[in-house]
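Presented below is the structure to which this report refers.
The values are calculated or read from the model by the stated rules, or taken from the named source; none is laboratory data. This one's a predicted model, so the numbers in the text were calculated from it and none came from an experiment. When we count neighbours, we look across all protein chains shown, and the Cβ atoms used for this are built from the backbone with ideal geometry, even at glycine. Side chains are part of the model used for accessible areas, which takes the heavy atoms of the whole protein and leaves out ligands, DNA and RNA. Shrake-Rupley method; radii C 1.70, N 1.55, O 1.52, S 1.80 Å.
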Amino acid sequence: MALKAVNVTDVPNLDQVPENNASLSLYSSRFNSEGLELNSEATFKVPKFLVIGHRGHGMNILQSSDSRMKAIKENTILSFNSAAKFPIDFIEFDVQVTKDDCPVIFHDDFIFSEENGTVFEKRVTELSLEEFLCFGPQREAGKQGKSLLRKTKDGKILNWNVETDDSFCTLAETFQKVDPSLGFNIELKFDDHIVYQQDHLIHVLQVILQVFFLTNGGTQVYYDVRRNSLEEAIKVCMEGGLQGIVSEVKGVFGNPGAVPRIKESKLSLLTYGKLNNVPEAVCMQHLMGIDGVIVDFVQEISHAVDDMIIKPLNEGLREGDEETGTKSKLQFSQQELSFLLKLIPELIQH
């Protein structure tokens, strides 16, 4: 799931975020005065095509041979502000709540560390804020934090080494320290293997203003069947009055017929996944009518989108003809479109 947040400059203090979302707006500096507007009389509208920095400047894959996946510590203030240097609209990051009710930014369910030669794990939600912040780099000069390790999907425990490190942060700090030009796409983390009681969920979700439904689009099977297909995701959104769907991109490429059904339901559609680091795959999604992409290679993809989609569109709008701008956004011939469509099965396999 992901939380839609108000613009940073509109929230001087985190405790001032209104419970009543009668008038909220999020906007991007890339689209002149156009933006996202939500109020009691208007439906949610995503502007044109969004580029969203995954965990800020990009997620960390420690076992990757690509240095970009280990450039900057993910989900940190440094990562968020590094992403802001490029023409993107939002940053995506992960929020969990510590046992003393402080929202912190961290993706994994567990933190791994080593002490006296022994590796141990701690569930983030069972740590206090003070305990959480003691791992990794420390802000105080001369203070040594506890070692930070990470468990990979294949079960290996690796040192969480990146080229440029930064300390952990809280949700409150993101409102105070992140470049105010960025919008926030906030994923609330819950352990997929735990069945939570309703009172616990209410406690954690009480500050949420609006929710997107997150699905892998059928690329993985979960205990919760609502997460196992785009069709189920549409049902959840319609029944719950949600704004839209965030899907693993392979789920969309594997089921492109779901896109018009999502649009007919007046839902927004964003995607995430490794394929979103491929410019051709991103452009194909724009042609399919997808509203935006969450990416790791922020610099490369934001520039590609800016050159191939945003600039032609804005030029058309400046000429006073939105239809002209839309038509000129990508100059693909039918032969090139046919080639891109044939690429989809190949893309899904990688």
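Where does the range 136-248 land on Rg(C-alpha)/(2.2 N^0.38 Å)?
1.37
List, in order, the whole-Hz ³J(HN,Hα) value for each residue of the range 186-196 obtained from phi through the Karplus relation with A = 6.51, B = -1.76, C = 1.60 and θ = phi - 60°; use x for Gly and Pro.
My calculation for the range 186-196 gives 9, 9, 8, 8, 10, 5, 5, 9, 10, 9, 8 Hz in order.
Within a Cβ distance under 12 Å of residue 304, other residues only, what is the Lys/Arg minus Asp/Glu net charge?
Details: positive: 311; negative: 280, 300, 306, 307.
Once all neighbours under 12 Å are counted, the net charge is -3.
In the calculated pair distance distribution of the range 85-132, what percentage of Cα-Cα distances lie above 18 Å?
Of all Cα-Cα pairs in the range 85-132, 42 percent lie more than 18 Å apart.
Heavy atoms only, probe 1.4 Å: what % of the accessible area of the range 76-235 goes to carbon and sulfur, would you let me know?
50
Under a Cβ-Cβ cut-off of 15 Å, what is the net charge of the residues other than residue 191 that fall near it, where Lys and Arg count +1 and Asp and Glu count -1?
Neighbourhood net charge equals -2.
From the P(r) of the range 108-200, could you give the percentage of C-alpha pairs in the tail past 18 Å?
Within the range 108-200, distances greater than 18 Å cover 58 percent of Cα pairs.
Quick one: of 48/85; 73/151; 122/189; 85/266, which pairs are farther than 25 Å apart, Cα to Cα?
Cα-Cα > 25 Å for 85/266; rest within.
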